[in-house]
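See structure below.
The values are calculated or read from the model by the stated rules, or taken from the named source; none is laboratory data. Only a predicted model underlies this, so the values are computations on that prediction, with no experimental measurement involved. Neighbour counts are summed over all protein chains in view; Cβ atoms, including those assigned to glycine, are modelled from backbone coordinates with ideal geometry.
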Amino acid sequence: MKLNFKFLLAAAVVPASFITFSSVAQVDSTYPVQPSPKPYIVDVKTSTGDDAGQYRGMTAQTDPFAISTELGASPYPEDRFLAFPDIKMGIGSQITIYRAPSYTIIDGRRESVMRSWTSTIGELLSEKNIEIGEDDKINFSTDTQLELNMEIRIIRVAITSVKTTEDIDFELVKKEDNTLDQGKIRIEQAGALGERVLTFEVRREDGVEVSRRLTGTEIALEPVTEIRIIGTKPVITGWCKYNDLVLDASIKNGLDPNKLCKLMNIESLGRSSIIGEHDGVKYYGLFQYESGFWVSVSSKAGYSGADILDAKAQIYTTAWALTHGYSGRW
């Protein structure tokens with residue numbers, strides 16, 4: 001059906017005015033009347049007044065938003081509506097929709113398009129109940145004038161205090177014990193790690209950590225020092241005759257008893273009474289001393305006058321000789 005607005009104008013002269021979509025015709029509820037479809041034309045314009053489409057049709061709706069929706073104009077709640085004649089007259093109207101300007105707001109990780117007739121970014125955010133925190137960042141100042149299709153980006157900043165822990169290494173103290181066999185270790189006191197609490201100020205922007213600053217440390221648990229007893233008592237690891245004498249002589253002279261045993265085995269296989277001869281010179285006992293050398297060295301070792309075949313005298317004298325510059329003799 002083609003609208004005849006000359007007829008409409010003849011029927012009534014009503015000044016044009018902006019109408020909110022909540023405006024409805026008043027109907028006497030005492031006698032309910034089912035509204036009948038009326039003819040409407042919906043002209044859509046951009047916020048700057050440019051034509052953006054026209055829609056025609058019949059509808060029984062009495063609200064400009066509902067009328068425009070039913071006719072396919074897809075209005076937005078923020079749009080402005082102008083109707084002539086007034087819809088309340090019930091004879092049909094020509095409705096003009098002015099699209100509200102749209103802006104893209106990227107708030108943190110959420111992007112949305114919002115429409116508004118406000119003038120500044122601050123007014124837009126206030127209207128949409130979008131709050132900017134003290135530490136948040138925005139790509140424009142709030143007094144910036146809005147421009148069509150402007151993209152407003154809000155970076156949500158969260159500053160929190162984060163506590164973490166880290167281990168504290170314990171100290172290691174070693175003590176020598178000449179009553180404990182060499183190579184053996186005894187734990188006198190077991191070590192234990194301590195714990196340190198670190199406090200950081202962590203800054204996150206849109207949920208992503210961008211900085212971390214140490215603000216404090218605290219010892220939550222003191223470490224326990226470990227004490228290890230290290231055996232230094234010489235130990236004979238192979239076969240050796242006169243073990244006790246060899247060990248005692250070695251300990252007193254700071255000598256490895258295995259060195260003394262090895263030399264004894266090479267020279268006499270542990271036979272204290274053996275007498276050898278080489279180039280007409282006789283050699284006696286466990287370490288094969290010739291008589292002149294024996295008299296000289298044994299007296300220095302504290303065994304002056306001892307029998308050259310005395311096993312104990314030879315063992316202690318040789319231990320002394322090996323640690324006092326005579327090792328080249330053998």
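Annotations
- Enumeration of residues in segment 193-241 that are part of a loop (DSSP other than H, G, I, E, B) and closer than 19 Å to V157 by Cβ: D206, G207
- Hey, K252 assigned by TED's automatic domain parsing to the domain that holds A319 and modelled with pLDDT under 95 or not: yes
- Qualifying residue in segment 202-222 (condition: under 30 Å from L125 (Cα atoms), in contact with a Ser or Thr (Cβ under 7 Å, 6 or more places away or on another chain), surrounded by fewer than 16 Cβ atoms within 10 Å (Cβ to Cβ) and among the acidic types (D, E)): no
- Out of I67, I41, one residue alone is among the hydrophobic types (A, V, I, L, M, F, W, C), assigned to a helix (DSSP H, G or I) and either modelled with pLDDT of 95 or more or in contact with a Leu (Cβ under 6 Å, 6 or more places away or on another chain) (or both). It is I67.
- The criterion of at least 2 residues that are of a type in the set (V, I, T) and under 31 Å from the mean Cα position of the chain (by Cα) is met by the following strands (runs of 3 or more DSSP E) wholly inside segment 104-172: 151-155, 157-168.
- For L255, the requirement of being among the hydrophobic types (A, V, I, L, M, F, W, C) and touching a helix residue (DSSP H, G or I) at 6+ places or on another chain (Cβ under 7 Å) is met.
- Of the residues making up segment 52-81, those that are surrounded by fewer than 17 Cβ atoms within 10 Å (Cβ to Cβ) and over 56 Å from the mean Cα position of the chain (by Cα) number 5.
- For segment 169-194, the set of residues classified as surrounded by 15 or more Cβ atoms within 10 Å (Cβ to Cβ), out of contact with any Lys or Arg (no Cβ under 7 Å at 6 or more places or on another chain) and either modelled with pLDDT under 95 or not aromatic (F, W, Y) (or both) consists of D177, G191, G194, listed by residue number.
- In segment 80-103, the residues that are out of contact with any Gly (no Cβ under 8 Å at 6 or more places or on another chain) and in a strand (DSSP E or B): R80, F81, L82, A83, F84, S93, Q94, I95, T96, I97, S102, Y103
- So G305, is it more than 60 Å from the chain's Cα centre (by Cα), surrounded by 15 or more Cβ atoms within 10 Å (Cβ to Cβ), in a loop (DSSP other than H, G, I, E, B) and not assigned by TED's automatic domain parsing to the domain that holds G191: no
- Number of residues in segment 70-97 that are farther than 18 Å from P35 by Cα and either at pLDDT below 95 or among the β-branched types (V, I, T) (or both) equals 3.
- Total residues in segment 229-258, condition more than 22 Å from W320 (Cβ to Cβ) and surrounded by 16 or more Cβ atoms within 10 Å (Cβ to Cβ): 2
- The listed residue being at pLDDT 95 or above, in contact with a helix residue (DSSP H, G or I) (Cβ under 7 Å, 6 or more places away or on another chain) and polar (S, T, N, Q), out of T120, T165, T160, T144: T144
- Test: D248 is among the charged types (D, E, K, R) and more than 24 Å from N178 (Cα to Cα): no
- Qualifying residues in segment 255-279 (those that are of a type in the set (D, E) and outside any loop (DSSP other than H, G, I, E, B)) - the one modelled with the lowest pLDDT: E277
- Qualifying positions in segment 291-316 - in contact (Cβ under 8 Å) with a residue 24 or more places away in the chain and of a type in the set (V, I, T): V297, I308, I315
- Some residue of segment 48-61 being in a helix (DSSP H, G or I) and either of a type in the set (A, V, I, L, M, F, W, C) or within 27 Å of L124 (Cα to Cα) (or both): no
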